[in-house]
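First up is the structure itself, then whatever we jot down about it.
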Amino acid sequence: MSANAVRSRSGIHGHETASGWLFTGPVLFLLGLFLVIPVLMALWVSFSDWGGRGSPFSAGVHFIGFDNYSKLLAGGGLAEQDFGTSLRNNAWYVVLVVPLQTALSLFLAVLVNRAVLRGRGFFRTAFYFPSVTSSVAITVLWLFLFSSTGSVNKLLSYIGITGPNWFNEPSGILHDLLGVFGVQNGPAFLTGGTFLGISWWDWLAGPSVAMSAYIIMGIFTTSGTFMLLFIAALQNLDRDVTEAAMVDGANGWQRFWQVTLPQLRPTLFTVLTLGLIGCWQVFDQIYTGTQGAPDKTTLTPAYLSYQAAFQDQGWGQGAAIAFILFVIIVFFTLFQRWVLRERKVSRRKMRPYLSVGTGSSGVPAGAAAAGQPPAPDGERQ
């Protein structure tokens, strides 16, 4: 096939290709210089014994294989236990923050998108304001609000509840709940088995009281951003489908679940993906606040990576933690993409709709209702 034929089929001529590379070249250069090369260097550091001095590619730096990864995943020492603790803390953070912030942001979007609501601009700004406030400032504010003599405990005292010492309480909330019913120790198969140096009983402890305060803060500060995404999606929905559902007698709840929410699938995937990535990268709140205390129950993989590299000079382990975290984020992103994928409607679900125009035996619905026999094949339209 000639070059002219290839150009005609693709619709792109030679000078257009050169122009495209000319405009994208500077951006690709900057991405390669400040993103791709540093990532590749960090990947090499995770497989080396670099100590943080000089170049990681100098002759004194040696390739040690998966030693840094094995210490974190199967070392049996403090490094494995700290990494397991950080994963447990962050896993509970993700499990609670991602669905709650998604549900709250969708609720706020539906609320402020209603035409009957007065002052919608004010409420949109008010709900979005925490998202544009510095996370460091929000964390400092949270330390005051959730202190032992802070406003939160003061409000709880008005209803007869003695609030905890939030950021100094390491116990898990699920263990505390079980303790109310007299359960202090778990069964042997949970306390005896371990994963990443942590017993299964401790994995099921739930977030600590201190981490619960961070969970509330995460929901408070991120719901406004995702609310705007849902508002933009709601304003671009097909109104004809909603009106058709109203004509068919669907109430508001049915229209939301059967009409509105399916059309929000792309936005829902975006919100869940961004929320998932953000929740697995919690760092600045921990660094500004408790720095892993109390008893490492607010330790996260992102902060542990910083601690291992910059404080303990374990650069290889710090880089290894970062890449394990990267694999975790990619895995859960692909998993939720698979869960939210477009699915073909099964023949079983389509059968009631196909039988509207024709009977189950291929007889027209009107003829079947009138008791008329089916027409011969040659006479059917």
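Here, each number is a calculation from the coordinates, and none is a lab measurement. Only a predicted model underlies this, so the values are computations on that prediction, with no experimental measurement involved. Glycine gets a Cβ as well: all are built from the backbone with ideal geometry, and neighbour counts include every protein chain shown.
Observations
- Burial ordering of Leu145, Leu340, fewest other beta-carbon atoms within 10 Å first: Leu340, Leu145
- Mean ellipticity per residue at 222 nm, deg cm²/dmol - from DSSP H runs of n ≥ 4 across the chain, formula -39500 (n - 2.57): -19000 deg cm²/dmol
- Identified option (computed Rg and Dmax of the Cα atoms in Å; candidates (i) 28.5, 93; (ii) 19.7, 63; (iii) 20.4, 59): (i)
- Distance between the 7 Å Cα→Cβ label points at Phe34 and Phe335: 3.4 nm.
- Candidates Asp248, Asp49, Asp176: whichever shows maximal mean-square fluctuation once the chain is modelled as a Gaussian network with Cα springs under 10 Å: Asp248
- For segment 126-200, projected area of the alpha-carbon convex hull averaged over all directions, nm²: 8.3 nm²
- Most mobile of Lys154, Lys71, Lys296 in a GNM of the chain (Cα contacts under 10 Å): Lys154
- In straight-distance terms, cross-link reach from Lys154 covers every one of the aspartates and glutamates whose alpha-carbon lies under 17 Å from its own, apart from those fewer than eight places away in the same chain; here that gives an empty set.
- In terms of its C-alpha gyration tensor, segment 35-99 comes out oblate, because a/c is 1.5 or above while a/b does not outweigh b/c.
- The aspartates and glutamates within cross-link reach of Lys296, meaning a Cα-to-Cα straight distance under 20 Å and a gap of 8 or more places when in the same chain, are Glu80, Asp82, Glu169, Asp176, Asp202, Asp284, Asp312.
- Segment 58-189: C-alpha gyration tensor shape, a/c 1.5 cut-off, then a/b vs b/c: oblate
- Only Lys, Arg (+1) and Asp, Glu (-1) charged, at Cβ; segment 47-203 dipole about Cα centre in debye: 920 debye
- Among Phe326, Phe220, Phe29, the largest mean-square fluctuation in a Gaussian network model of the chain (Cα springs under 10 Å) belongs to Phe29.
- A dipole drawn for the chain from +1 and -1 charges on Cβ atoms has a positive end, and of Leu325, Gly197, Ala233 the residue lying farthest that way is Ala233.
- Simple point charges give the picture: +1 on the Cβ of Lys and Arg, -1 on the Cβ of Asp and Glu, and for the chain a dipole about the Cα centre of about 1160 debye.
- Other residues with beta-carbon under 12 Å from the beta-carbon of Ala210 carry, at +1 per Lys or Arg and -1 per Asp or Glu, a net charge of -1.
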